[in-house]
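Contents: one structure, followed by commentary.
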Amino acid sequence: MTVAARCTWDQANARRLERAGLTGPRNGGEAAVARVARAQCGVHAQVMSAAEWSLGARLDEVSRQSVQDALWRDHRLVKTRGPRGTVHLLAADDLPMWAGALGALPTGQDHQPAAVRMTKLQVEAVIEAIDDALRDADLTVDELTVAIAARVGDWSADRVMEAFGDRWPRWRQIEHQVTNRGVMCFGPLRGRKVTYTSPARLLPGFTPAASDVALTDLLVHYLWAYGPATPAHVAQWLSIPRPFATDMFEMAADRLEPVDLEGERAWVIADDRVFDQEPPSGLRLLPYFDAYVIGCHPRDRLFAGRAAQRALANGQAGTFPVLLVDGRVAGVWHQRKSGRRIDVTVEPLDELSAAQRRALDEEADRLAAFFGAKVSVRIGPVTVGGHA
């Protein structure tokens, strides 16, 4: 197949920014929260306040309560494990696709010691037990452990799994697999305790999509948001072997078209080869693991020059909140919350112009309004490390 179109990095980046909701008016209000999450291919939510701001940075007339309402009142969002096994907020309407696709991905090598591992029969028995236990309840991990043991035997609850300086019940080694298959997701907090529930309780009629359809739909969804892209980019995004990602592209071949991305062969959705956006412009404060910095490739173009040394951790994106200027990572930032006050420190890689400094103050004001706080902004070195 010949390459029929060409685009520059700036053209690709401008379109990605627009589709990620990082340019132009931030309209939509509360009803748009799920739409914006969908456009990003999910919102990383290991740090919940970062997930909330990832949505708030893209929408006016919303607050962190808007995100909570979308999760627990309206069920427009679902909190579960998404790409790379990490906690995400996913658009509820897309959950059948995600469950069908993630459940079909290679699970990787089992790194548990032989005495800890579960057989295939045990895995299926535990998944069936979790499905049954969560059909009518939100359960904490301890409650769920008791429920599983009552259904399949005490071996499932043996505290043999080394994790975070503790020993977890045996069944938890397949927790990612259970959520990927759409059997379990996160429920509302009970005080400070995490609960688990069944997606079917939140979304009546829910069932995972067929894996072949789901894998193709997920690839198309990613390419709409972050194309042009290659199998290597998708493999990194999903943390899967590159040959499996190549197979995904071959499965979807009739829905894709190749383009030349500054000399690299990459793919877009068929009939989606128009790149007519204005050059990237504007300033944004993006939180930890914002989907835009995770999904965009080639990474050395987004994190160009000194940005790679300052804002990546061994090549990993997202460990630092980033200052985005004209579509590129241009520094890092950190916020310190104290009561109803947020102190923001921004470390730009280059001196900001007067217009950019005004844009930074406006962005900080939006951050403060979203969290219902007052804000101060200081230009200077960020002295904390990643994940701080």
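Quick notes
- Karplus 3J(HN,Hα) series, Hz, for segment 58-71 with 6.51 cos²θ - 1.76 cosθ + 1.60 (x for Gly, Pro): 9, 9, 8, 6, 10, 9, 5, 5, 4, 5, 4, 5, 5, 7
- Principal semi-axes of the equivalent ellipsoid, √(5λ) from the alpha carbon gyration tensor of the chain, are 35, 27, 19 Å from largest down.
- Put in line by how crowded their Cβ is, counting other Cβ atoms within 10 Å and starting with the fewest, Tyr292, Tyr196, Tyr222 read Tyr222, Tyr196, Tyr292.
- Packing, taken as the mean count of other beta carbons within 10 Å per residue, orders the peptides 189-195, 233-239 from highest to lowest as 233-239, 189-195.
- Segment 107-207: relative contact order in percent, alpha carbon pairs under 8 Å with at least 6 residues between: 27 percent
- Reachable aspartates and glutamates, given that their alpha-carbon falls under 19 Å from the alpha-carbon of Lys374 and they are not under 8 places away in the same chain: Glu52, Asp60, Glu61, Asp343, Asp361, Glu362, Glu363, Asp365
- Charge context of Leu285, other residues only, Cβ under 15 angstrom, K/R +1, D/E -1: +1
- Exposure proxy ranking for Met184, Met97, Met161, based on other Cβ atoms within 10 angstrom of each Cβ and starting from the fewest, stands as Met161, Met97, Met184.
- Cut-off 11 Å between beta-carbons: net charge of the residues surrounding Gly305, Lys and Arg +1, Asp and Glu -1: +2
- Nearby lysines by direct alpha-carbon distance to Lys79 (threshold 24 angstrom, same-chain neighbours under 8 apart not counted): Lys193
- Comparing Arg265, Arg366, Arg64 in a Gaussian network model of the chain where C-alpha atoms under 10 Å apart are linked, the largest mean-square fluctuation is found at Arg265.
- Mean separation of Cα contacts under 8 Å, 6 or more apart, over the residue count of the chain: relative contact order %: 18 percent
- Kirkwood Rh, angstrom, segment 205-301 [1 / mean 1/r, Cα pairs]: 14.7 Å
- In terms of its C-alpha gyration tensor, segment 8-111 has an oblate overall shape, because the principal axis ratio a/c (a ≥ b ≥ c, square roots of the eigenvalues) is not below 1.5 and a/b does not outweigh b/c.
- With neighbours defined as other Cβ atoms within 10 Å of a residue's Cβ, the residues Met118, Met251 order from fewest to most as Met251, Met118.
- The calculated FRET efficiency for Thr107 paired with Val194, based on their beta-carbon distance and R0 = 25 Å, is about 0.60.
- For segment 6-150, the residue among Ala150, Gly103, Gln122 whose Cα projects farthest onto the positive side of the dipole built from Cβ charges is Gly103.
- The alpha carbon convex hull volume per residue for segment 75-192 rounds to 119 Å³.
Readers should treat all values here as calculations from the given coordinates under stated rules, not as data from a laboratory. This structure is a prediction, so every number in the text was calculated from the model and none was measured. Methodologically, a virtual Cβ is constructed for each residue, glycine included, from the backbone with ideal geometry; neighbour enumeration extends over all protein chains shown.
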